[in-house]
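Beneath this line is the structure, given in structure tokens, with notes to follow.
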Amino acid sequence: MPFDPTRPYNDLPDLPPTVDIETKPVLKACVEARAALAALRQATALIPNAAVLVNTIPLLEAQASSEIENVVTTTDAMFRQAQLDAPTADPATKEALRYRMALNAGFHSLKNRPLTTRTAEEICTTIRNVRMAVRKVPGTALANHATGEIIYTPPEGESRLRDKLANWERFIHERDELDPLVRMAVAHYQFEAIHPFTDGNGRTGRILNLLMLIEHGLLDLPILYLSRHVIRNKAAYYDGLRSVTGRGAWEAWILYMLRATRETAEWTLAKIGAVRNLIEHTAEYTRKVAPKQYSRELIDLVFVQPYCRIENVVDAGIAKRQTASAYLHKLATVGILKEKQVGLNKLFLNSRFLTLLTGESDEFRKFSAR
């Protein structure tokens, strides 16, 4: 019987696929993606303060992955509210920040247990801020936002869904003969096809991609900004998923995911290099124009994330509050930071850093010599 998008896809085949999924083009793309990931791992090991990456790139991933699901906020709002942790943030920003929280929690959970259905449930629960378990009730269907046409109806029945998720788990952990990158691509399709939750499946699945790469030793930190590629190739992403369902087009889908991995790793690597250059340029400039306030610890701190507070300087043990305030005000006076009042909170924005993180270019505006 041909696939009918209006009927529950209860016959979703188990993994692995019955066709050859490690074709010559796929294996060639695996080599290229692995090389890009290896270079990224090496670069992260060399950066003096990994918090620069851990506190920023997951937020970019959170903002982009949420935007794919039409939860739209700005990167500035994300970084600002991440620093304030304010309950007054708009709903979209709060939801995107929960994505970052879910990613971090999933990352730390790998220290205690491998990826499982339970991991997915915990991630989705954090994203949605309400208890999310495998669907028990029928009626879930995916529709075209513009036309309302049903484009996919996932399998139904909790027992069936849990059986398919158990097969998904075994594929991730037991198919060692397959390249981990191929397993990631195949497992991502399968998770989205199972569609185990009433909401949050796309974002949960994209977090699971990063966790799979970490679990298999291809990444050390959750800093691959994969959703950036999906945002820029959104139609191809959804067309790829539907083509596997409708035509069994596994090779095209796997190549899409491998290309996304390679290009994102290359982008992240270039961005890390640019951030390191900006940190060194800022340190050199600060030594010249504010030698009394300069310390490497202070410069590193204002690059932990784009927004900084006086409390951050105090908590880092760099200075007591009055001196910490004077330090940040001096950095604002010489143009390194910009002082911003947000409600009752005083924040200091490293605008060059924010622009570098969120812009397409890896160039930055240099400080003028004084």
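The values are calculated or read from the model by the stated rules, or taken from the named source; none is laboratory data. Nothing here was measured: the structure is a model prediction, and the numbers come from that model. Here Cβ is always computed from backbone atoms with ideal geometry, including for glycine, and neighbour counts include all displayed protein chains.
General remarks:
Here is a yes/no grid of residues against (1) under 15 Å from the mean Cα position of the chain (by Cα); (2) buried (at least 19 other Cβ atoms within 10 Å of the Cβ):
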{"residue": "Ile172", "(1), (2)": "no, yes"}
{"residue": "Arg175", "(1), (2)": "no, no"}
{"residue": "Leu211", "(1), (2)": "yes, yes"}
{"residue": "Pro222", "(1), (2)": "yes, yes"}
{"residue": "Ser243", "(1), (2)": "no, no"}
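- Only one of the listed residues (Glu280, Glu251) is of a type in the set (D, E, K, R), part of a helix (DSSP H, G or I), modelled with pLDDT under 95 and over 17 Å from Ala35 (Cα atoms). That residue is Glu280.
- Test: Gly359 is modelled with pLDDT under 85 and surrounded by fewer than 15 Cβ atoms within 10 Å (Cβ to Cβ): yes
- Among the residues of the range 220-276, none is identified as within 23 Å of Leu357 (Cα to Cα) and in contact with a Cys (Cβ under 8 Å, 6 or more places away or on another chain).
- Of the residues making up the range 137-163, just one is of a type in the set (S, T, N, Q) and touching a strand residue (DSSP E or B) at 6+ places or on another chain (Cβ under 6 Å), namely Asn144.
- Filtered residues of the range 188-200 (kept if surrounded by 24 or more Cβ atoms within 10 Å (Cβ to Cβ) and assigned to a helix (DSSP H, G or I)): Ile194
- Per the listing Ala120, Ala141, Ala146, Ala133, the residue uniquely hydrophobic (A, V, I, L, M, F, W, C) and surrounded by fewer than 13 Cβ atoms within 10 Å (Cβ to Cβ) is Ala146.
- Failed item in (1) over 30 Å from Thr18 (Cα atoms); (2) in a helix (DSSP H, G or I); (3) hydrophobic (A, V, I, L, M, F, W, C), with Phe303 passing the rest: (2)
- Cross-chain or 6+ apart pairs with Cβ under 9 Å, the range 310-329 first and among the acidic types (Asp, Glu), then crowded, with 19+ Cβ neighbours inside 10 Å: Glu311/Ala324
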